[in-house]
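Here is the structure we will look at, set down as structure tokens.
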């Protein structure tokens with residue numbers, strides 16, 4: 001269909017300019033019809049009121065008829081055409097936008113503005129100026145207007161998800177879909193096809209297709225199409241996700257993931273054995289699932305919108321731990337649904353490793369616990385590189401029975417104190433060891449000490465007066481054991497049987513309450529407690545004679561080492577024998593060179609720290625010796641002294657610290 005636009009005749013133009021004045025004069029006449037008018041000056045109810053809207057290619061846009069509502073597309077070019085049935089040349093009909101009536105023209109091609117509503121006003125001559133046939137009298141021109149809804153071309157918001165690896169389908173959804181818009185999709189260069197599921201549907205991708213286009217058209221408008229092209233972009237490569245850790249929480253389960261790829265085409269779903277899964281954000285490395293069941297196993301599955309991808313992680317199953325306590329031991333019992341491959345269970349106590357047990361075990365007894373102490377336990381199931389951690393459970397160790405009566409060991413130290421220890425460690429490490437000592441007819445409760453061994457100073461002991469010890473255990477739960485057997489260390493006595501102390505008799509009391517089948521070794525010690533020599537005591541007869549003592553030791557220190565048949569070694573006290581220091585200084589000497597008594601020298605035994613000072617008759621010091629090798633030949637400053645009597649002072653300190661002072665005279669003879 002073709003339209004021509006010609007210039008308007010001069011007479012008609014002048015006539016139309018008078019429409020405004022005529023409209024004012026006729027305003028009262030048509031006021032009743034104004035309610036149906038689009039513009040205030042419209043001539044309502046006139047038979048020839050009609051024009052229609054076309055596209056520039058001649059397609060009729062009034063889909064509901066010339067009087068129905070018509071939607072126009074913003075920014076498009078349209079043409080209007082008179083359809084009133086009056087024989088009026090097109091050049092005598094003017095059109096304009098809005099109700100002002102200004103700037104009308106016979107040009108029938110218009111541009112739809114970007115916003116609405118749009119009013120198109122038509123001005124035409126009255127074919128019956130005198131009236132009749134439904135036309136008003138005394139009117140040269142007529143005005144008629146229509147209102148149009150203006151819409152922008154719909155632009156679909158297209159969401160594309162890629163399916164498969166490599167992708168072979170796309171999942172397309174319109175995120176701004178409207179019910180009055182119909183959609184079409186074109187994949188590559190293929191034909192358009194209806195997009196009937198704007199919420200999302202899968203479409204196969206033709207070979208070689210580089211993208212797609214989604215078209216949108218209003219259902220109540222023509223020639224108002226919008227489109228959105230999408231260029232295909234392959235998603236990144238995604239491997240199988242990793243479910244690294246499952247931990248039981250007080251209110252649910254906590255998961256730790258690895259290998260998740262943050263791309264909109266990928267979907268990660270945390271799945272139980274039965275029932276719907278839970279979407280997991282790809283940006284998450286941890287995720288909590290409140291109220292999750294402990295009787296189900298879990299996996300993390302990678303999929304896509306089309307359901308083509310199907311990559312599940314390895315399965316992890318929660319560990320349900322229960323703990324209880326009885327008789328100084330805590331029992332751990334756990335269960336785990338079948339489904340994951342467990343290689344071992346690691347047990348933790350107070351956050352530290354306690355034990356590792358086999359994958360088939362479901363119970364463990366912790367015996368190294370203290371009564372009255374609270375312990376925190378967890379069980380960790382190892383499944384390859386992944387772990388499933390139970391909730392932390394706390395239990396306080398209890399005991400209804402007392403510990404067994406303790407057996408003791410008692411042994412002397414080098415300082416003659418006694419150290420007392422438990423023969424076997426107490427089952428409860430927090431138990432208190434209470435000791436009682438009996439020495440002769442005196443019984444004493446020892447002060448409590450947490451230190452092991454307990455050290456006691458019993459005082460003077462003899463083979464007839466031996467310190468013996470009895471112990472009992474009390475635990476933090478208030479249980480007390482019976483008294484254990486008495487334990488007595490060996491006690492040694494050494495007595496010289498001659499004046500010089502060269503013959504020593506030994507008597508001793510055997511260890512008691514610590515074993516049987518004792519064998520003995522006699523040890524000779526120096527002043528620092530170091531062993532000088534030792535010998536076995538093979539005789540059972542007492543007293544026994546000690547080996548001959550060394551000649552250079554004033555103080556003899558003996559210690560008895562006793563070894564039981566079971567290998568227990570205990571020691572006796574250190575028994576000492578102090579021999580008398582001996583010094584011999586001659587009363588006279590004759591330094592005449594005959595080889596007899598030519599020098600004054602000191603003789604004796606155990607002389608280690610001494611001094612000898614010799615004085616003449618005037619009290620002048622003439623000789624001093626601090627070593628037995630120092631002798632006096634009777635010379636004073638190199639000259640032979642005249643025969644006379646000299647006085648001397650001898651002073652020595654023996655090994656026991658006793659000071660010995662001796663004063664006398666010595667005569668020099670010629």
**Q.** Residue tally, condition farther than 16 Å from residue 483 by Cβ and touching a residue at least 12 places away in the same chain (Cβ under 8 Å), over region 439-448
**A.** 2
Q. With 411, 388, 383 as the choices, which residue is crowded, with 16+ Cβ neighbours inside 10 Å, at pLDDT 95 or above, more than 18 Å from residue 318 (Cβ to Cβ) and in contact with a strand residue (DSSP E or B) (Cβ under 7 Å, 6 or more places away or on another chain)?
A. 411
Q) Do we have any residue at all in region 479-488 that's modelled with pLDDT under 95, within 30 Å of residue 401 (Cα to Cα) and in a strand (DSSP E or B)? A) yes
(Q) For the structure I just gave you, tell me whether residue 116 is on the phi > 0 side of the Ramachandran plot and either surrounded by fewer than 19 Cβ atoms within 10 Å (Cβ to Cβ) or modelled with pLDDT of 95 or more (or both). (A) no
**Q.** Members of region 521-540 that are assigned to a strand (DSSP E or B) and more than 26 Å from residue 655 (Cβ to Cβ)
**A.** 536
Q: With the condition kept exactly as written, say whether any residue in region 367-374 is modelled with pLDDT of 95 or more and surrounded by 13 or more Cβ atoms within 10 Å (Cβ to Cβ).
A: no
Q: Examine region 564-571 for a residue that is buried (at least 16 other Cβ atoms within 10 Å of the Cβ), under 60 Å from the mean Cα position of the chain (by Cα) and part of a strand (DSSP E or B), and state whether such a residue exists.
A: yes
Q. How many of the residues making up region 167-214 are outside any strand (DSSP E or B) and surrounded by fewer than 18 Cβ atoms within 10 Å (Cβ to Cβ)?
A. 19
Q. How many residues, within region 97-113, are in contact (Cβ under 8 Å) with a residue 24 or more places away in the chain, surrounded by fewer than 19 Cβ atoms within 10 Å (Cβ to Cβ) and not in a loop (DSSP other than H, G, I, E, B)?
A. 3
Q) Could we say that residue 492 is surrounded by 20 or more Cβ atoms within 10 Å (Cβ to Cβ), at pLDDT below 95 and part of a strand (DSSP E or B) here? A) no
Q) Among the listed residues 84, 11, which satisfies the condition of being under 18 Å from residue 141 (Cβ atoms) and modelled with pLDDT of 90 or more? A) 84
Q) Which one of these does residue 473 not meet: (1) at pLDDT 95 or above; (2) over 14 Å from residue 489 (Cβ atoms); (3) crowded, with 21+ Cβ neighbours inside 10 Å? A) (1)
Q | Whichever residue in region 315-329 is touching a strand residue (DSSP E or B) at 6+ places or on another chain (Cβ under 9 Å) and in a loop (DSSP other than H, G, I, E, B) and, among such residues, is nearest to residue 268 (Cα to Cα) | A | 315
Q | Residue within region 505-513 that is outside the structural domain of residue 556 (by TED's automatic domain parsing) and assigned to a strand (DSSP E or B) present | A | no
(Q) Considering only residues that are within 26 Å of residue 173 (Cβ to Cβ), modelled with pLDDT of 95 or more and surrounded by 20 or more Cβ atoms within 10 Å (Cβ to Cβ), which ones fall in region 225-256? (A) 241
Q | Unique residue being farther than 14 Å from residue 328 by Cβ and either outside any loop (DSSP other than H, G, I, E, B) or in contact (Cβ under 8 Å) with a residue 24 or more places away in the chain (or both) when the list is 403, 391, 399, 424 | A | 391
Q. Hey, does region 307-314 have a residue that's assigned to a strand (DSSP E or B), buried (at least 19 other Cβ atoms within 10 Å of the Cβ) and at pLDDT 95 or above?
A. no
Q. Can you tell me which residues in region 530-546 are under 60 Å from the mean Cα position of the chain (by Cα) and closer than 13 Å to residue 508 by Cα?
A. none
Q: Quick one: in region 338-363, of everything that is surrounded by 18 or more Cβ atoms within 10 Å (Cβ to Cβ) and at pLDDT 95 or above, which residue is farthest from residue 393 (Cα to Cα)?
A: 342
Q.
Looking only at region 361-388, count every residue that is part of a strand (DSSP E or B) and free of Cβ contacts under 8 Å to residues at least 24 places away in the same chain and tell me the total.
A. 1
**Q.** Filter result for residue 435 (outside any strand (DSSP E or B), in the same structural domain as residue 468 (by TED's automatic domain parsing) and at pLDDT 95 or above)
**A.** no
Q. Looking at this structure, is residue 554 outside the structural domain of residue 634 (by TED's automatic domain parsing), free of Cβ contacts under 8 Å to residues at least 40 places away in the same chain and out of contact with any strand residue (DSSP E or B) (no Cβ under 6 Å at 6 or more places or on another chain)?
A. no
Q. Does any residue of region 257-265 turn out to be part of a strand (DSSP E or B), under 18 Å from the mean Cα position of the chain (by Cα) and buried (at least 17 other Cβ atoms within 10 Å of the Cβ)?
A. yes
Q: Identify, by number, the condition in (1) under 30 Å from residue 527 (Cα atoms); (2) touching a strand residue (DSSP E or B) at 6+ places or on another chain (Cβ under 9 Å); (3) at pLDDT below 95 that residue 629 doesn't meet.
A: (2)
Q: Provide a single number: the residues in region 286-308 that are out of contact with any strand residue (DSSP E or B) (no Cβ under 6 Å at 6 or more places or on another chain) and more than 26 Å from residue 338 (Cβ to Cβ).
A: 1
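The values are calculated or read from the model by the stated rules, or taken from the named source; none is laboratory data. Keep in mind that this is a model prediction, so the values were computed, not measured. Because the Cβ atoms are built from the backbone with ideal geometry, glycine has one as well, and the counts that use them run over all protein chains shown.
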